[in-house]
Amino acid sequence: MSLAELQELERDSVIPSYARFPVEFVRGEAARLWDSDGNEYLDFLCGISVTNIGHCHPRVVAAVREQVGQLMHVSNLFYTEPAMLLAERLSRSSLGGKVYFCNSGAEANEAAIKLVRKAKHAGDVVVVYGAFHGRTYGALSATPQESKQAPFAPLVPGFRVVAPEPGALAAAVDERTAAVVLEPIQGETGVNLLSEELLGAARAACDEHDAALIFDEIQCGMGRTGTLWAYQQTGVIPDAITVAKALGGGLPIGALVTGERLADVLQPGDHGSTFAGGPVLAAAALAALEVTDTPALLARVSELGDRLAAGLERLPHVLSVRGRGLMLACELDIPAPEIVRRALLEQRLIVNATGPTTVRLLPPLIVSEAEIDDALGRLGAALDEQD
């Protein structure tokens, strides 16, 4: 079908909850995508940090093909080997507790909210401005952004919002607090790093008041910052992390991963999901973890991130660059949405705008130096046209 025909189908049949660019992608490989007209694109967004090891990684594809020919679904009333192996791998690579599987990042955060409120009945959840934890009701209630919350009020009660400052957060945590939920690096609001002082204050306050510290690593996890989990660079160990996006190597799977203290809070009947941890998705995630969790790849993420950040700083109209590893944003002195559109349609470079002047870059972790330099040239060309 032509792009025009797809757009007509969308107008007639799809709830208009997305603003799509006029491009149909039909194939992907590593850091590149091809549209229906055969044009090749350099993908520096990764489906919003999903295809971290590139499009259609051969090991993920092979694992999925093998598993889908054997068993696709049986429900969580029974055992499957991929799910049990994946849970063990996630626990061993992080906090040493236990794992609850789900289908997305928002669902992982919903599970975390239920977990902490069972651990401390009727407790409040403290979050900070600039956070984004998802669009389902609990996760949305933890996302203090007026434009996203207001149309769907009333929200879930019991969330307390504070400025992302150590003193403000410490003052908000008391005996009523069930948990503090933070993104070590806020992704959807523009790649904003929470300070180590803030994370340390959250840990100390939670310890003092018997509250749980939850890190949302849905976007910043799975190697994106140069370690498998972003918390591993902070010196602060949370009580649980939520993960999704890149976990499935391109397929939808999420997880709540606990430390030992919260491992047995949820019991049979407390929570569940029909498709969660299915054998095909778990097999894909196992393959993605095996590719991602290697010292050589993770060290290279940091090196390539430095190269990309330095290149961005040299581009016209770039005021500042922030981020860690291959999770970066640049602040412009001109409107970012127009630059993103021009980069896509004229330079065949995929990035996105997270604000009026913010461009976010999330290239695959397997990107090459040459591809980084190529992307910088394409983005520079889009920026140059503004002069």
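The values are calculated or read from the model by the stated rules, or taken from the named source; none is laboratory data. Note that the structure is a prediction, hence the values are computed from the model and not measured. Don't worry about glycine lacking a Cβ; one is built from the backbone with ideal geometry, like all the others, and counts go over all protein chains shown. For accessibility, only protein heavy atoms count, side chains too; no ligands or nucleic acids. Shrake-Rupley method; radii C 1.70, N 1.55, O 1.52, S 1.80 Å.
Details
- Single residue of the range 111-142 satisfying the filter (basic (Lys, Arg) and touching a Lys or Arg at 6+ places or on another chain (Cβ under 9 Å)) that is nearest to residue 198 (Cα to Cα): 120
- Lone qualifier among 379, 281, 308, 328 - being open to solvent by less than 40 Å² (accessible area, probe 1.4 Å), under 28 Å from residue 100 (Cα atoms), at pLDDT 95 or above and among the aliphatic types (A, V, I, L, M): 281
- Residue list for the range 70-119, filter: hydroxyl-bearing (Ser, Thr, Tyr) and under 21 Å from the mean Cα position of the chain (by Cα): 91, 93, 94, 100, 104
- Counted as qualifying within the range 113-217 are the strands (runs of 3 or more DSSP E) with 1 or more residues that are touching a residue at least 40 places away in the same chain (Cβ under 8 Å), namely 124-128, 177-182, 212-216.
- In the range 52-79, residue nearest to residue 325 (Cα to Cα) [restricted to those that are open to solvent by 20 Å² or more (accessible area, probe 1.4 Å) and among the polar types (S, T, N, Q)]: 67
- Subset of the range 197-212 (residues that are under 16 Å from residue 168 (Cα atoms) and either open to solvent by 10 Å² or more (accessible area, probe 1.4 Å) or in contact with a Lys or Arg (Cβ under 8 Å, 6 or more places away or on another chain) (or both)): 197, 200, 201, 203, 204, 208, 209
- Checking residue 129 against (1) of a type in the set (Phe, Trp, Tyr); (2) open to solvent by 30 Å² or more (accessible area, probe 1.4 Å); (3) farther than 19 Å from residue 187 by Cβ, the condition it does not meet: (3)
- Apart from one condition, residue 29 fits all of (1) more than 30 Å from residue 211 (Cα to Cα); (2) open to solvent by less than 20 Å² (accessible area, probe 1.4 Å); the exception is (2).
- When restricted to residues that are farther than 17 Å from residue 195 by Cβ and either part of a loop (DSSP other than H, G, I, E, B) or touching an Asp or Glu at 6+ places or on another chain (Cβ under 6 Å) (or both), the range 309-324 contains 6.
- Residue count for the range 341-387 under the criterion of being assigned to a loop (DSSP other than H, G, I, E, B) and more than 18 Å from residue 226 (Cβ to Cβ): the result is 7.
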